[in-house]
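Taken together, the values in this text are just the output of simple stated rules run on the coordinates, not laboratory data. Worth saying up front: this structure is predicted, and the values here are computed from it rather than measured. Methodologically, a virtual Cβ is constructed for each residue, glycine included, from the backbone with ideal geometry; neighbour enumeration extends over all protein chains shown.
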Amino acid sequence: MDSGIQLEMNFEHNRNRFKSRIQSGEFFVLFEVNTPSRQADLDVSAERLRELEFAVSAIRSLPVGLAITDKYTAGESWHICDFAAALSPEDRDMHLFILSGRDSDAQEMQATLQLCRNSGMANVLAVSGNAAPAENLRQTAGRKFCESVNTIHYAREDFPELFVGGAVNPYKYTPGELYAQYFKLIKKINQGAEFFVANFGWDMMKLQELRWYMSSRGLHIPGLARLMMLTPEKFESIAAGKIPGIQISPDFQIILQNELKYSFTQFEAAQWRRIQLQAAGCKLLGYNGIQLAGLERPDKIKIAAARIREALEEFQHFDDWRKAYQEHLARAEMAPYPYRFYLFNQLFSSAYPENSPRMNDAQMPESSRVEKWYYNLSKFMFAHAGNQSPDEHYWSKHFLVGCSRCNQCRLPDTWYICPKTCPKGLSNGPCGGTRPGWHCELSEHECIHSRIFRLSRWKDEVEKLEENYIPSGN
Ligand code: SF4
C-alpha cells in the first residue's frame with residue numbers, strides 16, 4: 001500500500017446519503033470516475049476530481065453522486081484512498097468506492113477497508129478485479145487477487161459500519177454461466193452484501209431477468225445498473241473483445257456502425273438517447289439507480305443529469321418505455337450469437353415477474369466421464385487435504401489437479417478443481433469477465449468454474465455454490 005496515504009480523519013457523524021437513497025427507493029445517478037494511472041500527477045488528477053464533485057453538488061434536478069473505480073483502466077494506478085482523499089470530507093457519504101482485489105492479499109484488503117472506514121468512505125463495492133490492459137496470462141497469474149466474496153466477508157466481520165455491496169454480471173447467455181453468476185451474487189449477499197451493482201450491458205431483458213430471478217428467490221435487495229456512454233473508440237475495443245465481460249451482439253454492432261456512418265455528432269446524439277432509454281428502463285424495471293461511465297467532465301455530467309431527468313419524466317409507464325426501447329433498437333437481437341439463453345419465457349411482457357424461472361435440465365451442462373473419474377480419484381486421495389499441511393501429498397496434488405501449494409488447501413470445497421488453476425485464483429465462483437460460451441477471460445481455456453458447476457450438479461450439491469464460503473488460500 002502507498003506510504004503517501006494521508007487519511008487520518010475519523011468519520012464523526014453517522015449520515016450516509018448513499019445508503020439512505022438506495023434504501024428509500026429514490027432513483028439516483030452515480031457518475032463513474034476512474035482512479036488515475038500512476039503516470040498521471042496525483043495533484044492534477046485530484047483537482048479534476050474536486051471539479052467533478054463540485055459539478056455533482058450543483059445538480060438539483062435529481063440525486064447524484066460519484067462512483068470511484070479502483071485499478072480499472074490503468075495497469076498501475078494510484079491507491080483509491082489517495083485519490084479519494086481529494087473529496088470533501090463532509091460529502092464522502094454520497095459516493096461509492098469500488099475496491100478492486102487486484103494486487104491485494106487478505107491483509108492489504110483489510111487495511112484498505114480500515115482506511116475507508118476511518119476516512120468516511122462509508123460505501124464500498126467489492127470487486128475481484130480485472131487483468132491489467134495488455135497483460136498476458138502469465139503476468140495476470142503472477143498477481144495477487146483478493147476475491148470480492150472474501151472482501152465482503154472481511155468488511156462484515158471487522159468493519160460493520162461500512163455499507164458494502166457486491167457486483168454481478170447478468171449478461172451471460174448460457175444456463176450454467178448465468179446461474180453461476182446468480183449463485184455467486186447470492187453468496188455475496190449471504191456474506192453481508194446489502195446492495196448489488198450489475199455490470200455494463202445494453203440488453204435490458206438481462207436486467208429484467210436478474211430482477212425477476214432475485215424476486216423469485218425472495219431477495220429484494222437494492223440494485224444499481226452500470227451504464228456506459230459509448231464513444232467510437234470504446235465501441236471498437238468492446239467489439240474487438242478487449243474489455244472483459246462486456247459484449248456487443250452482432251445485430252447491435254450493425255446498429256452502432258450505422259450510427260457512426262455520418263458524423264460523430266450523430267453518433268453522440270444516438271448514445272445520449274440510448275442512455276435516456278436505459279436509465280428510464282432501469283427505473284421501471286425496479287433498479288434504484290444507475291452508475292454511469294464515460295462522462296468524466298463537469299459539462300457532460302450536467303447535460304447527463306438534465307437528460308436523465310427528462311427521460312424519467314417522459315417514460316412513466318412500462319409499456320410506453322418498452323415500445324420506445326424496442327423501436328430504438330429496431331428489435332435487434334442483443335444476445336451474442338449462437339448463445340441465447342434467457343431464464344424466463346415472458347420477459348418484457350410486464351414490468352413485474354409473472355412466471356417462474358425455467359430450470360430445464362436438458363439445457364444444463366453435464367460432467368464428462370473423464371471429469372467424474374478425476375473427481376473420484378481426487379476425492380479418494382485428498383478428501384482430508386483441508387485439514388492437512390499443504391506439503392502433504394503435494395506432488396500427487398500437483399500432478400492430478402495442478403496444485404501450487406496454497407497455505408490453506410481448499411480442494412474438498414471446490415469439487416477437487418484447484419482454485420489456483422484460475423489465473424486470478426478465484427475459489428468462490430467465476431469472475432464477471434468470462435467470454436461467451438464460458439471461456440476464461442484470459443485464455444482460450446474453459447473457465448474452471450464451468451467444470452465446478454458441472455460437478456456440483458452431478459453430485460447434486462448446486463446449493464453449495466451459494467452457501468459455502470471459501471476462505472482465501474493465502
Ligand atoms: S478461470 Fe474463470 S474466474 Fe478465473 S479468470 Fe478465467 S474466467 Fe475468471
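For the criterion of being without any contact (Cβ under 8 Å) to a residue 40 or more places away in the chain and of a type in the set (S, T, N, Q), Ser100 passes. Under 8 Å between Cβ atoms, at least 6 apart or on separate chains: pull out the pairs that start in the range 443-460 with a residue that is closer than 13 Å to Ser368 by Cβ and end on any residue that is more than 15 Å from the ligand (Cβ to nearest atom) and of a type in the set (Gly, Ala, Ser). Listed pairs, sorted by first residue: Arg451/Ser367; Arg454/Ser367; Leu455/Ser367; Arg457/Ser367; Trp458/Ser367. Would you confirm whether or not the range 111-125 contains a residue that is within 17 Å of Asn199 (Cα to Cα) and touching a residue at least 40 places away in the same chain (Cβ under 8 Å)? Yes, the range 111-125 has at least one match. The helices (runs of 4 or more DSSP H) found entirely in the range 194-306 that carry 2 or more residues being over 18 Å from Lys172 (Cβ atoms) are 232-239, 250-260, 264-284. If the condition is being touching a helix residue (DSSP H, G or I) at 6+ places or on another chain (Cβ under 6 Å), within 8 Å of the ligand (Cβ to nearest atom) and of a type in the set (A, V, I, L, M), then the range 397-452 contributes Leu442, Ile448. Condition check: surrounded by fewer than 17 Cβ atoms within 10 Å (Cβ to Cβ), within 16 Å of the ligand (Cβ to nearest atom) and either farther than 22 Å from Tyr72 by Cβ or basic (Lys, Arg) (or both). Does Glu392 satisfy that? Criteria not met by Glu392. Residues in the range 249-273 that are under 30 Å from Glu26 (Cα atoms) and out of contact with any His (no Cβ under 7 Å at 6 or more places or on another chain): 5 in all. Among all positions in the range 366-377, there is no residue which is more than 20 Å from Lys184 (Cα to Cα), in contact with a helix residue (DSSP H, G or I) (Cβ under 9 Å, 6 or more places away or on another chain), in contact (Cβ under 8 Å) with a residue 24 or more places away in the chain and within 12 Å of the ligand (Cβ to nearest atom).
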